[in-house]
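Notes for the one structure printed next.
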Amino acid sequence: MIDVLENEKTFHLKTEHTSFILHIIESGHPVCLYWGRKVSGNGFSYIVKELKKASYLAWTDGRKDLRLEQYPLLYPVYGYPDLRNPAVHIRYENGSRITDLRYKGYRISKGKQKIPGLPAVTDPEADVLELILEDNVRHIECTLVFGVFGEYDAFTQSVILHNNGRNALTIEKIMSSCFSFLEDDLECVTLTGAWARECHLSRERLRQGTFRIDSRRGAGGHGQNPFLGLARPDCSQNNGGIYGMNLVYSGSFEASAEVDMHQNTRVMMGIQSFDFAWQLSPGESFYTPEAVLVYSDSGMNGMSHIFHRLYRERLMKNGWGSRPRPVVINNWEATYFDFDRDKLLALAKEAAEIGVEMFVLDDGWFGCRNSENESLGDWTENYEKLGGTLSGLADELERLGLKFGIWMEPEMVSPDSDLFREHPDWIIASPEYTPQLARNQYVLDLSKKCVRDYIVKAVSDILKNGKISYIKWDMNRNITDAFSQGGAAEHQQELHHRYILGLYDILEQLTGQFPDVLFEGCAGGGGRYDPGMLYYMPQIWASDDTDAIERLAIQQGTSLIYPAVSMSCHVSAVPNHQVGRTTSLKTRGITAMQGMLGYELDLTKCTDEEKQALAEQIAEYKSLRDLIGQGRMYRLETTGYAYAWMFVSEDKREAYISYVQVLTQPNTVPKRLRLVGLEEEGLYCLAGTDQIRTGSQWVHCGVGLPGGAADFCGRTWRLYIK
Ligand code: GLA
């Protein structure tokens, strides 16, 4: 809902529990008066009218009492006269970089749509406010678009810049979202890491200066997820206020929180501005991706619930947010490149017997690919290795009762490939230098239509006979040598963004043509785990690290924003291939059941006992699949070095609790694990026992934890109301 107080030019954006209040000050500059728990009442402009003036700041329009640099500006431009980080920076023909955006008008409409060329959260019930700003010297119009998702307690913000002038201009920076707080008592929460240890949660106090996370890699990357949280110091898993911003974008990005000289905080997020310059000709518009903005005063779990539900119901395309996901066997860690038809079928047979539903053939089935060094780009079956066609293999798998999925890495090309020999100019590379390799491959230039057409055709040719219902879409290197061969000089700094627009164009076509194919995103694990990819790829391989203990921190961090239904988690062999650690099958299963369960180990080497245990694990998972996929996921507070989490069904009649202790200690007395999210008066039975206790007992008195018998041991509980 959007209330407009015309007399004081205030816009009150309301969701069920939160308010976002914007206001236009006398000079025509928009400010952010308030964002947080829902407030009632009329008239909020006193918040800025009561600002006490600081010294040594520039005046505005000759008015000594109007020092813009102190205002909680909503979408500040460079140098006119605020000197903090601008949200937009434009260069004009005469070399000037000064822009002056002031209020022109507003529009309110119903129904939040997709953004041209970009994925977005959509909802026919959402309200949309467009605040139109204008520079009437340069004749540019800048529209700030706010989506208000009432029942989801979320907002989105994006920007459209339109050039109405007579000359082309260059956008050097354009943020999707920018807002300010008149305080700095906040802590930055981010998801950081590296390959094989993605999305570790980090938290640090803001201080004067700029806190910044970003990526210049052509993807969010393993190092920084496009998420920035601002938590109150007392924010815990279940209590306290936290603001979350997540960019619906899969390329290089930036996010920052700047604390100025007077303890105000300016936060912004958008496309990476380093090495970005977009030519905007007269009559053209530029659309930024959108940022999703969430506030919760129920701690980090409260924020996660908002993101999870919004993404399941309003982001994931083709209804995939609520579609059950198959239990897969993936042959990667079982065989790597070394397989033939017999090996694959032997693995598939074992998998079918224990209850697996989908066989995923990973890297190595195409061209002459027997290592990382060749054939990317040549998406034709290797008949010899496959012992026939993909379609023939699909038929055999079907006879075993398995569906079929394959791995592809369509954005890449190997130097040793027919595609590269034929089209050396299709890669991103500068003609003056030898192009750099990573994993012995180059990145295809998706800004070129001929390249996109090639990829769409290659993938659709494989999918069109309907035998393949799952694609693991990988992307195993980042962009260096950022130059588009044959492209005009003045458009070269558009390449990073055009690459992502090209990728979205490809995915829009493929997911439109094949709505029932489940696309799983992967970028050497979680190197591109973001809402932009989730729009097209409702499942993402969270990390190449399959060790159950390493996964605890990775999945804990990933779950801060991304729902369990999106998180692909596999049980692999021990000793683990990444870290050499040995954990029990039980603990590996418990950890993998934090998301969508799969397996990647050589089942033909398992003992009968292990196979029996695996079959039981899968049966248990199937009985929990809906609860894990669609329930509310809570991270529980633990003492000591342990992780615990819990899924509660929407009607609160059922709950599943998991606990994994990392290192055991001698002579300690196990404590109790307190639960959350249950109906206080409900009578919950503990499955497999005759214990019946009220929800309030389980929540406040908790469950008894097992004694620390060994490192890495895990335990689960199921509660239900009869
Ligand atoms: C990447 C993926 C792995 C596997 C290999 C195959 O590293 O993250 O899961 O698919 O590629 O080459």
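The values are calculated or read from the model by the stated rules, or taken from the named source; none is laboratory data. Because the structure is a prediction, the values reported are computed rather than measured. For neighbour counting, all protein chains shown are included, and Cβ atoms are generated from backbone atoms with ideal geometry for every residue, glycine included. Accessible surface areas use protein heavy atoms only, side chains included; no ligands, DNA or RNA. Shrake-Rupley method; radii C 1.70, N 1.55, O 1.52, S 1.80 Å.
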Scan region 136-164 residue by residue and report those that are more than 18 Å from residue 114 (Cα to Cα), part of a strand (DSSP E or B) and either in contact with a Cys (Cβ under 7 Å, 6 or more places away or on another chain) or free of Cβ contacts under 8 Å to residues at least 40 places away in the same chain (or both). 141
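Going residue by residue through region 569-583, is there one that turns out to be among the hydrophobic types (A, V, I, L, M, F, W, C), open to solvent by 10 Å² or more (accessible area, probe 1.4 Å) and in a helix (DSSP H, G or I)?
Looking for residues that are among the hydrophobic types (A, V, I, L, M, F, W, C), open to solvent by 10 Å² or more (accessible area, probe 1.4 Å) and in a helix (DSSP H, G or I), one finds none in region 569-583, hence no.
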For residue 350: the one exception among (1) in contact with a helix residue (DSSP H, G or I) (Cβ under 8 Å, 6 or more places away or on another chain); (2) open to solvent by 10 Å² or more (accessible area, probe 1.4 Å); (3) outside any helix (DSSP H, G or I): (3)
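So that you can scan it fast, the table gives a plain yes or no per residue for (1) under 23 Å from residue 545 (Cα atoms); (2) in the same structural domain as residue 227 (by TED's automatic domain parsing); (3) in a loop (DSSP other than H, G, I, E, B):
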residue: 594; (1), (2), (3): yes, no, yes
residue: 604; (1), (2), (3): yes, no, no
residue: 617; (1), (2), (3): yes, no, no
residue: 646; (1), (2), (3): yes, no, no
residue: 658; (1), (2), (3): yes, no, no
residue: 667; (1), (2), (3): no, no, yes
Restricting attention to region 498-557, the residues that are open to solvent by 10 Å² or more (accessible area, probe 1.4 Å) and on the phi > 0 side of the Ramachandran plot number exactly 0
Residue within region 138-150 that is open to solvent by 10 Å² or more (accessible area, probe 1.4 Å) and of a type in the set (A, V, I, L, M, F, W, C) present: yes
Mind checking whether some residue in region 356-374 is assigned to a helix (DSSP H, G or I) and surrounded by fewer than 20 Cβ atoms within 10 Å (Cβ to Cβ)? no
Considering only region 629-641, I want to know if a residue exists there that is under 23 Å from residue 583 (Cα atoms), modelled with pLDDT under 95 and small (Gly, Ala, Ser). yes
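Name the strands (runs of 3 or more DSSP E) wholly within region 224-341 that hold at least 1 residues that are more than 30 Å from residue 617 (Cβ to Cβ) and touching a residue at least 40 places away in the same chain (Cβ under 8 Å)?
227-231, 242-247, 253-259, 265-271, 278-280, 285-287, 291-296
Yes/no per residue for (1) open to solvent by less than 50 Å² (accessible area, probe 1.4 Å); (2) over 25 Å from residue 70 (Cβ atoms):
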| site | (1), (2) |
| --- | --- |
| 88 | yes, no |
| 91 | no, yes |
| 122 | yes, yes |
| 128 | yes, yes |
| 152 | yes, yes |
| 156 | yes, yes |
Looking at (1) within 16 Å of the ligand (Cβ to nearest atom); (2) within 15 Å of residue 379 (Cα to Cα), find the lone condition where residue 454 falls short. (1)
Within region 391-407, the residues that are buried (at least 21 other Cβ atoms within 10 Å of the Cβ) and either within 15 Å of the ligand (Cβ to nearest atom) or not in a loop (DSSP other than H, G, I, E, B) (or both) are 393, 394, 397, 404, 405, 406, 407
Out of all the residues in region 254-286, which are aromatic (Phe, Trp, Tyr) and either under 15 Å from residue 212 (Cβ atoms) or buried (at least 20 other Cβ atoms within 10 Å of the Cβ) (or both)? 274, 276, 278
Note on region 457-480: residues away from the ligand (no atom under 16 Å from the Cβ) and either modelled with pLDDT under 95 or not in a loop (DSSP other than H, G, I, E, B) (or both) are 457, 458, 459, 460, 461, 462, 463, 465, 466
Residue 436: more than 16 Å from the ligand (Cβ to nearest atom), closer than 21 Å to residue 372 by Cβ, touching an Asp or Glu at 6+ places or on another chain (Cβ under 7 Å) and open to solvent by 70 Å² or more (accessible area, probe 1.4 Å), yes or no? yes
Filter region 497-545 down to the residues that are among the small types (Gly, Ala, Ser) and part of a helix (DSSP H, G or I), then identify the one that is farthest from the ligand (Cβ to nearest atom). 512
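Just to check your reading of the model, which residue among 355, 367, 321 is away from the ligand (no atom under 11 Å from the Cβ) and closer than 16 Å to residue 409 by Cβ?
Values: 355 fails: closer than 16 Å to residue 409 by Cβ; 321 fails: closer than 16 Å to residue 409 by Cβ.
Residue meeting the stated conditions: 367.
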Among all residue pairs at least 6 apart or on different chains, which show Cβ distances below 8 Å where the first residue, located in region 31-49, is closer than 18 Å to residue 15 by Cα and in a loop (DSSP other than H, G, I, E, B) and the second is open to solvent by less than 10 Å² (accessible area, probe 1.4 Å) and among the small types (Gly, Ala, Ser)? 38/19; 39/19
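Suppose we filter 174, 213 for residues that are more than 20 Å from the chain's Cα centre (by Cα) and in a strand (DSSP E or B); which single one remains?
On the way: 213 fails: more than 20 Å from the chain's Cα centre (by Cα).
Result of the check over 174, 213: 174.
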